[in-house]
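Report on the following structure.
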Amino acid sequence: MAKLTVGFVALALLVAVVAAGDAGPINDFCVADLKSALLFNGLACKAPSMVTSDDFSFTGFRAAADTNNPLGIGIIPGFAGVNYPALNTQGLSLAKFNYAKGGLVPPHTHPRASEVITVLKGEVHVGFVDTAGKLFAAKLKTGDFFLFPVGLVHFQLNVGSGHAVTVSVLNAQNPGVQLMASALFGASPEIKDEVLSRAFGIKDDMTKMIKKGFMPAM
């Protein structure tokens, strides 16, 4: 009886894990109709008769994203609702990153997806921190991959002598992204200074100064 109970528990856990991902498609494909105003948990489909091979091709990553900004990074998305409608209902999204020398993708999370990143050019230092506070990091070179587990804080830093390029694949149509610094110091309404000061072990005047860096321009 005990073995049977353990078996049911294991099966329940397996079902829970499977159910945690995006729902499986019920058709061969559902190329998003970006002109439709219909909203639901996903995007409306084009009529099958209107779908062509071109819908499944994506050339957006041929371009280089602008890295002329304080972080030195540029991002080109490959998302169902933005520029790659064929990904609708497929449980995937893509992103290409261009990095200037020293370019940084700051610590952030994807609450609904794990991410596999690969380096197409240059050398990139990547890492994530688990819930025990342990850092897992590596320096990746061209052709290397690295996994960021779902929901964990991670980052990317160009450590090469020139520009770098990476491409990420995430296992959710809408993975979500939450930048740690802006989420805390740029929240609206503001988080109380006392909360942030005590959490980070800094003075209130330092907290106020950091907040100013995340205030929207008027």
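No lab work stands behind these numbers, since they all come straight from the coordinates. The structure displayed is predicted, hence computed values, not measured ones. Reconstructed Cβ throughout: ideal geometry from the backbone, glycine too, with neighbour counts over all protein chains shown.
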(request) Would you calculate the separation in nanometres between label points at Val82 and Ala37, each defined as 7 Å from the Cα along the Cα-to-beta-carbon direction? (result) 2.6
(request) Would you mind computing, in nm to one decimal, how far apart the modelled labels at Thr131 and Ala65 are, each placed 7 Å from Cα along Cα→Cβ? (result) 2.9
(message) Could you give the length gained by full extension between Glu194 and Ser182, i.e. 0.36 nm per residue of separation minus their alpha carbon distance, to one decimal place?
(response) 2.6 nm
(message) Multiplying the sequence separation of Ile202 and Asp54 by 0.36 nm and subtracting their Cα-Cα distance, what value in nm do you get?
(response) 47.9 nm
(message) Which of Asp205, Asp28, Asp33 has the fewest other C-beta atoms within 10 Å, and how do the rest follow up to the most?
(response) Asp28, Asp205, Asp33
(request) Take the Cα coordinates of region 62-127, assign each an equal point scatterer, and use the Debye formula without solvent to give log10 I(q)/I(0) at q = 0.21 Å⁻¹. (result) -1.04
(request) Counting helices only, and only those DSSP H runs with n ≥ 4, report the 222 nm mean residue ellipticity of the chain as the sum of -39,500 (n - 2.57) divided by its residues, in deg cm²/dmol to the nearest 500. (result) -5500 deg cm²/dmol
(message) Give me Tyr84, Tyr99 sorted ascending by neighbouring Cβ count inside 10 Å, so fewest comes first.
(response) Tyr84, Tyr99
(request) Subtracting the Cα-Cα distance from 0.36 nm times the residue separation, let me have the gained length for Val116 to Ala44 in nm, one decimal. (result) 23.2 nm
(message) To make sure I understand the rule: partners must be aspartates and glutamates, Cα under 19 Å from the Cα of Lys212, and not fewer than 8 residues away in the same chain. Which ones qualify?
(response) Glu190, Asp193, Glu194, Asp204
(request) Using only the alpha carbon atoms of region 97-140, find the Kirkwood hydrodynamic radius as the inverse mean reciprocal pair distance, in angstroms to one decimal. (result) 12.2
(message) So if I place +1 on the C-beta of Lys and Arg and -1 on the C-beta of Asp and Glu, and nothing else carries charge, what would the dipole magnitude of region 39-181 be about its Cα centre? I want it in debye, nearest 20.
(response) 160
(request) Find the Rg to Rh ratio for the chain, where Rh is the Kirkwood radius over alpha-carbon pairs and Rg uses the same atoms. (result) 1.03
(request) Determine Rg/Rh for region 106-166; Rg is computed over alpha-carbon atoms and Rh is the Kirkwood hydrodynamic estimate from the same atoms. (result) 0.98
(request) Collect residues whose amide H, placed 1.01 Å from N in the peptide plane, falls under 5 Å from the amide H of Leu140; neighbours closer than 5 in sequence don't count. (result) Val124, His125, Val126
(message) Taking the number of other C-beta atoms within 10 Å as the exposure measure, put Ser197, Ser188 in order starting with the fewest.
(response) Ser188, Ser197
